[in-house]
Amino acid sequence: MSEQKCQHGETTSGAERPYITSVSVHPFTDENPRAHGWVTYTQTCDDCGAERAVNANQGHAEFSPWGPSTAERRRREREAALTAAEKVRADAVRRGTPMLHQRRVRVEEARDDSARIDADGCFVTVPVSEIARCASAPDGGDGVDVLRRAGVHQPPAGSDRAAFYVAMLDQCRARAGATQ
Ligand SMILES: [Zn+2]
């Protein structure tokens, strides 16, 4: 990565804030107690955007190791959050899909924002947003249960219900993708 090659020659120092604690990280940087007690600021590499924290006091300095830029850190956090959310969704699809099969419920067609559901031979067309609402309401009452409300099916309860609808939502996406 270019981040490792950069020598961080030209830097810009951010605003000073009151000293809180040592920023050194053994064995990458050395602690310097003489730099403690006054101010801390962030130094940003003008070339690659890497950042490090600096403690400064009366000409003494103590550094943290160079780390990713704020933008890069945010990007990694967002990516980690998305990965975690996707894992939760995939787990629910894995649990919910057999329930759909068992109960002979399937998405026959999904287009625009509505889906035609075959619930063991009973057909109903519902908004996809309603299915999404059921999928995100693990402990929701029967009021949010779109199939039950339509009187065509009685899906499982509790968190099983959410997984059931997450799997249905997954089928909606697959069907919608197939017709485009
Ligand atoms: Zn750099």
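For the reader, a short list of remarks on this structure follows.
- Candidate set: the stretch 42-67, residues that are touching a Lys or Arg at 6+ places or on another chain (Cβ under 7 Å) and of a type outside the set (S, T, N, Q); chosen: the one farthest from the ligand (Cβ to nearest atom): HIS60
- Considering the stretch 127-180, and only residues there that are at pLDDT 90 or above and polar (S, T, N, Q), the residue that is surrounded by the most Cβ atoms within 10 Å (Cβ to Cβ) turns out to be GLN171.
- Restricting attention to the stretch 3-28, the residues that are away from the ligand (no atom under 16 Å from the Cβ) and in a loop (DSSP other than H, G, I, E, B) total 11.
- Filtered residues of the stretch 41-59 (kept if charged (D, E, K, R) and more than 28 Å from the chain's Cα centre (by Cα)): ASP46, ASP47
- Residue in the stretch 151-160 that is in contact with an Asp or Glu (Cβ under 7 Å, 6 or more places away or on another chain), at negative phi and β-branched (Val, Ile, Thr) present: no
- Once the stretch 23-37 is narrowed to residues that are of a type in the set (Gly, Ala, Ser) and under 8 Å from GLU62 (Cα atoms), the residue that is surrounded by the fewest Cβ atoms within 10 Å (Cβ to Cβ) is SER24.
The values are calculated or read from the model by the stated rules, or taken from the named source; none is laboratory data. Bear in mind that the values here come from a model prediction, so they are computed numbers and not experimental data. Counting neighbours? That spans all protein chains shown, and the Cβs are built from the backbone with ideal geometry, glycine included.
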